[in-house]
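Take a look at the structure below.
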Amino acid sequence: MIAQALFTPAQQKLLGLLFVRVNEGFHLNEIMRLTGLGSASAQRELRRLHEAGLVTSERIGNVRRFWPNKESLVYPELSALVQKTFGLVGVLSSTLAPLRAQLQLAFVCGATARGQDLPSSAIDLLLVAELAELANYGDLLTRLAPAERTLRRKINPNLYTLADYQRRLREGQPFLLQVLQQPKLFVIGDETTLQAISAFDANS
C-alpha cells in the first residue's frame, strides 16, 4: 500500500530494478526488457529521475547506462524506502511471510547490506528460528527460489535455531561476530529483536 501511494507502477518497476541491482548499471533496452516498460514510458521516467538528480548516467561504447545517484542528498532515504516496500527487503519479506510467526529474526548482511556487492554476488541472509524443526534448510531453499527469480540473484541463507545461534555467540564464532558488527537490512525483526536474542547468561 505504501508503494502504491507514493509511486506509479512504472516508477516502482524502474526504481525496483535500479535500487535493488544498484551496482550494475542498465541501458535502455535492458531496462525495457527487465521491467516490461515500453520505450516511451521508460524514457519518460528515466528523464524525470535524471533531472531530479536521483539517477546518473554514463555513455559506455554505443549505449548510455543508468545507475542510482549515490551522491544525491536523498539517496539513503529513497534507497531504504524502495528496499522496504518493493525492493530487496520487500521481496524477501513477502517470500518469508508464511514463516513470519516461526522466524524470530531475518536480515540481509554482507556486501549487499554494505552496498558493495557485485552483479554476480549472492545475497547473504541470516535467519534465526526458535524451534529446531523449523530450521529446515532444504525447505527454506525451496521457499526462497521465487525471490531468487524475482531478484535475479542467488540467495545464500544462514539458518540457525535460537539455541544454536546463542551457543555460537557464546563461543565467539568469528563469522557470526563479524556479521553482527556490520550493516544489516532487517527483513523480520529489528535491532531491538537482535539485541534481545543475543543476550545470554554467561554461566549457562
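Exactly one condition in (1) without any contact (Cβ under 8 Å) to a residue 60 or more places away in the chain; (2) part of a helix (DSSP H, G or I) is false for N158; which is it?
(2)
Under 6 Å between Cβ atoms, which residue pairs at least 6 apart in sequence (or on different chains) link something in the range 142-153 that is part of a loop (DSSP other than H, G, I, E, B) with a partner that is of a type outside the set (K, R) and at pLDDT 85 or above?
R153/I123
Of all residues in the range 94-120, which are modelled with pLDDT of 80 or more, of a type in the set (S, T, Y) and open to solvent by 30 Å² or more (accessible area, probe 1.4 Å)?
S94
Quick one: T192 ticks every box in (1) hydroxyl-bearing (S, T, Y); (2) under 30 Å from K13 (Cβ atoms); (3) without any contact (Cβ under 8 Å) to a residue 24 or more places away in the chain except a single one, so which number is it?
Condition (2) is where T192 drops out.
Restricting attention to the range 68-90, report how many residues are open to solvent by 30 Å² or more (accessible area, probe 1.4 Å) and out of contact with any strand residue (DSSP E or B) (no Cβ under 6 Å at 6 or more places or on another chain).
Adding up the residues that qualify gives 12.
What residue, among those in the range 19-60 that are at pLDDT below 90 and closer than 15 Å to Y75 by Cα, is surrounded by the most Cβ atoms within 10 Å (Cβ to Cβ)?
Per the stated criteria, the residue is V20.
This table checks each residue for (1) of a type in the set (V, I, T); (2) within 30 Å of E130 (Cβ to Cβ).
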site	(1), (2)
A5	no, no
I31	yes, no
R44	no, no
H50	no, no
F66	no, no
N69	no, no
K84	no, yes
V91	yes, yes
L96	no, yes
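For the range 167-204, give me the residue count where each residue is out of contact with any strand residue (DSSP E or B) (no Cβ under 7 Å at 6 or more places or on another chain) and either of a type in the set (A, V, I, L, M) or open to solvent by less than 40 Å² (accessible area, probe 1.4 Å) (or both).
Residues that pass the stated criteria total 9.
Filter the strands (runs of 3 or more DSSP E) completely within the range 40-114 down to those with at least 3 residues that are within 19 Å of D124 (Cβ to Cβ) and not β-branched (V, I, T).
Correct list: 103-109.
The values are calculated or read from the model by the stated rules, or taken from the named source; none is laboratory data. Quantities reported herein were computed from a predicted structural model and do not represent experimental measurements. Heads up, the Cβs are rebuilt from the backbone with ideal geometry, glycines too, and the neighbour counts pull from every protein chain shown. Surface accessibility is based on the protein's heavy atoms, side chains included, excluding ligands, DNA and RNA. Shrake-Rupley method; radii C 1.70, N 1.55, O 1.52, S 1.80 Å.
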